[in-house]
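Okay, so here's the structure we're looking at.
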Ligand SMILES: [Cu+2]
């Protein structure tokens, strides 16, 4: 993993693209912004090359947010299966060879969730129980996404689908208990 510590008034820790995992203790990290350096910044995260004013707006919630690392690969989501409720920043690394995404749905298991014919989770049927997703993450890249999770059972998955295929049906799902 490459890292850069910007010497701006606000320390901005960039989690750059990487090909290996590095478990990080949540309590020791105050990561505020992460974006792949070799690709366009995701629409939900401001350009990291812009002035600090843009970053400052995003850091208002960071101090209280726990940070947890998850990895995406063919065809798994790996990371902690028990995490604490609250505002959680997910640091997601695609260590696979395909593009993936990190999505969160409320439910006891992937099998129990409403599904389309190709095995992707039916986000429309889930409604509010589909919590959200990261942007798509290219192979070797990393991204960050923050969700407020109440205690309960969740499924973390990649909900990318094309035609009769879906990453979820291939096994890219993980049941997680939030307490
Ligand atoms: Cu995927």
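From the list 155, 145, which residue is within 15 Å of the ligand (Cβ to nearest atom) and closer than 16 Å to residue 106 by Cα?
Among 155, 145, only 155 is within 15 Å of the ligand (Cβ to nearest atom) and closer than 16 Å to residue 106 by Cα.
Give me a count of the residues in region 99-114 that are crowded, with 16+ Cβ neighbours inside 10 Å and assigned to a loop (DSSP other than H, G, I, E, B).
5
Out of 128, 117, 168, report the one residue that is part of a loop (DSSP other than H, G, I, E, B) and surrounded by fewer than 17 Cβ atoms within 10 Å (Cβ to Cβ). Spell out the reasoning first.
Values: 128 fails: part of a loop (DSSP other than H, G, I, E, B); 168 fails: surrounded by fewer than 17 Cβ atoms within 10 Å (Cβ to Cβ).
Testing whether each residue is part of a loop (DSSP other than H, G, I, E, B) and surrounded by fewer than 17 Cβ atoms within 10 Å (Cβ to Cβ) leaves just 117.
Could you please find all residues in region 89-103 being in contact with a helix residue (DSSP H, G or I) (Cβ under 9 Å, 6 or more places away or on another chain) and away from the ligand (no atom under 13 Å from the Cβ)?
89
Run down 137, 160 and say which single residue is within 14 Å of the ligand (Cβ to nearest atom), under 10 Å from the mean Cα position of the chain (by Cα) and farther than 15 Å from residue 106 by Cβ.
Among 137, 160, only 137 is within 14 Å of the ligand (Cβ to nearest atom), under 10 Å from the mean Cα position of the chain (by Cα) and farther than 15 Å from residue 106 by Cβ.
Return yes when residue 120 is more than 17 Å from residue 141 (Cβ to Cβ) and within 12 Å of the ligand (Cβ to nearest atom) and no when it is not.
In short, yes.
Taking into account only those residues within region 63-88 that are in a strand (DSSP E or B) and within 16 Å of the ligand (Cβ to nearest atom), which is surrounded by the fewest Cβ atoms within 10 Å (Cβ to Cβ)?
78
Return yes or no: is residue 112 within 15 Å of the ligand (Cβ to nearest atom) and over 10 Å from the mean Cα position of the chain (by Cα)?
When the stated conditions are applied, residue 112 does not pass them.
Each value in this text was obtained by applying a stated rule to the coordinates, not by laboratory testing. Note that this is a predicted model, so its numbers are computed, not measured. Positions of Cβ are backbone-derived with ideal geometry, glycine not excepted, and every protein chain shown enters the neighbour counts.
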